[in-house]
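Readers should treat all values here as calculations from the given coordinates under stated rules, not as data from a laboratory. Since the structure is predicted, the reported quantities are computational estimates derived from the model, not experimental observations. Note that each Cβ is placed from the backbone with ideal geometry, even for glycine, and that neighbours are counted across all protein chains shown.
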Amino acid sequence: MFGIYCHIPYCASKCRYCSFYSKGGSGDVPQGYVDALIREIWRFEPCGSVSLRPDTLYFGGGTPSLLTPAQVCEIIDAAGCEQTAEITLEANPDTVTYEKLCAYKNAGVNRLSFGVQTANDDSLKRIGRSHDAKTARAALEAAQKAGFDNISGDVMLALPYYTSAELDATLDLLSICTHISAYILKIEPNSIFGKKPPDGLPSDDEAADFYLEAVDKLAARGYAQYEISNFAQKRRESRHNLIYWNVHDYLGIGAAAHSCMGGKRFSTPENAARFIEKPVEYVQQGVADAADYIMLKLRLTSGLSLPALKQKYGVSFTARQFTFIEQLVKNEMATFDGETLALTPRGLIVQNSVLMELL
Ligand SMILES: C[S@@+](CC[C@H](N)C(=O)[O-])C[C@H]1O[C@@H](n2cnc3c(N)ncnc32)[C@H](O)[C@@H]1O
Ligand code: SF4
């Protein structure tokens, strides 16, 4: 499996919680940026005798739905995807129309990921989203009418003054989605909230309870959890994101994009103007080693296979690590069948502490 990620660092406005690299106040994506993305794809095209032929192509942001359908078409053509490729585009509800979505579909996009976040208009305003719930509903319905049958919705949990009723209303709003990503609000230092946190934030314990409540409610609605923050109907898991978690190769192009190729990790500078100007440097950021593999596999509910870890990296757990695993199982934070260690939702929510102890 091989994937290409295209970073589109432009947004109409900057949401208060967001620390992703993107330029607020953008109404569109400069054609120079699109040309530069294609330049980078061509740069990698002759990788020896192997053509790239990605199995997945992911337009992430920023706000990829600021791309025109013609720009999306140009990039998809340049990427030369496999015929069965999953091609995802992240969309902000207030940047799409039925006509635009039909044109994305004709260009080859077959999966949409909408940033809905919540169904509560006061919450949406508080976190600085530029759309309301009605606009989100209209965008989801337009996507369905345009023929998309693989639609994901992003949800944010434990927002200021959050309630179970807000969670229920949000899941109702997303009922046509085949996939849901649910993230607990994180106050990022490098965001507007990082400088001035909002009032009404739930405590860490309350946030954990909202997460566990979301896991249960999503399961009851037919979305199986397959990763810490990701839930899908049958065979609707994100094939692209599974490439990250299964430590397969992916090429990240654009400004501030990350790649993992041949077991090495790379990133490009956070500078869209420089990216447009000339070919960028892919700076190595270390290697995908055994610790990386353990960390990523333990994000997945399918878990970490110890025989696979031994085969791939020659690493086996020590007696001390097995004792810790026993404790996790006793506390219902993990399951272990002698070969595969998998965290339960109670373990997933404290994955960082589990990893610190395990590694
Ligand atoms: C790459 S981001 C942006 C996608 C798209 N631009 C949008 O906002 O709709 C993907 C998702 O990450 C989540 N996210 C971003 N920052 C977050 C934060 N600080 N805490 C929790 N979730 C966050 C949001 O749900 C967001 O939709
Ligand atoms: S959350 Fe999405 S729309 Fe909001 S600033 Fe970040 S990338 Fe842009």
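A simple charge model with +1 on the Cβ of Lys and Arg, -1 on the Cβ of Asp and Glu and nothing else charged puts the dipole of the chain at about 440 debye relative to its Cα centre. Zone of ASN246 (label point 7 Å along Cα→Cβ, backbone N under 17 Å): which residues in region 77-97? Output list for this probe position: 82-88.
Could you tell me what % of all Cα pairs in the chain have separations over 26 Å? I get 53 percent for the Cα pairs in the chain exceeding 26 Å. For region 171-248, a/c is not less than 1.5, where a ≥ b ≥ c are the root eigenvalues of the C-alpha gyration tensor, and a/b does not top b/c. That puts it in the oblate class. Excluding same-chain neighbours fewer than eight residues apart, the aspartates and glutamates reachable from LYS278 by a Cα-Cα span under 20 Å are ASP35, GLU40, GLU45, GLU74, GLU270.
Past 29 Å, Cα to Cα: identify those pairs from LYS264/LYS310; LYS195/LYS264; LYS217/LYS297; LYS186/LYS217, in the order given. Beyond 29 Å: LYS195/LYS264.
Cross-link candidates for LYS105: which lysines have Cα within less than 30 Å, leaving aside residues fewer than 8 places away along the same chain? Partners found: LYS14, LYS23, LYS134, LYS145, LYS234.
How big is the antiparallel share of DSSP beta bridges in the chain, given as a percent to the nearest 5? Working shown, then result.
Numbers: 21 of 52 bridges.
Around 40 percent of the beta bridges assigned by DSSP in the chain are antiparallel ones.
Available extension along the chain between ILE176 and SER13 is 56.0 nm, counting 0.36 nm per residue and deducting the alpha carbon span.
When the helix-only estimate is applied to the chain (DSSP H runs of n ≥ 4, each -39,500 (n - 2.57), divided by the residue count), what is the mean residue ellipticity at 222 nm, nearest 500 deg cm²/dmol? Walk me through the numbers before you get to the answer.
Working: 15 runs with 138 residues, N = 359.
After summing the helix terms and dividing by residue count, I get -11000 deg cm²/dmol.
Of the peptides 238-244, 100-106, 196-202, the ranking by mean beta-carbon count within 10 Å, highest at the top, reads 238-244, 100-106, 196-202. On the beta carbon distance between TYR161 and MET356, with R0 = 35 Å, the FRET formula returns roughly 0.65.
For the peptides 280-287, 19-26, 227-234, residues were scored by their other Cβ atoms within 10 Å and the scores averaged per peptide; the highest-first order is 227-234, 19-26, 280-287. One equal scatterer on each Cα of region 1-148, no solvent, Debye formula: the resulting log10 I(q)/I(0) at q = 0.11, 0.13, 0.18 Å⁻¹ is -0.43, -0.59, -1.06.
Alpha-carbon geometry of region 118-206: the Rg and the Dmax are 14.0, 42 Å, given in that order.
Each other residue within a Cβ distance under 12 Å of PHE317 adds +1 if Lys or Arg and -1 if Asp or Glu, for a net charge of 0.
If you take all other residues with their beta carbon under 13 Å from the beta carbon of ALA85, and give Lys and Arg +1 and Asp and Glu -1, the sum is -1. Restricting the calculation to alpha carbons of region 285-359 gives Rg and Dmax of 11.6, 37 angstrom.
Shape summary: region 228-359 maps onto an equivalent ellipsoid whose semi-axes, from the alpha-carbon gyration tensor, are 32, 17, 13 Å in decreasing order.
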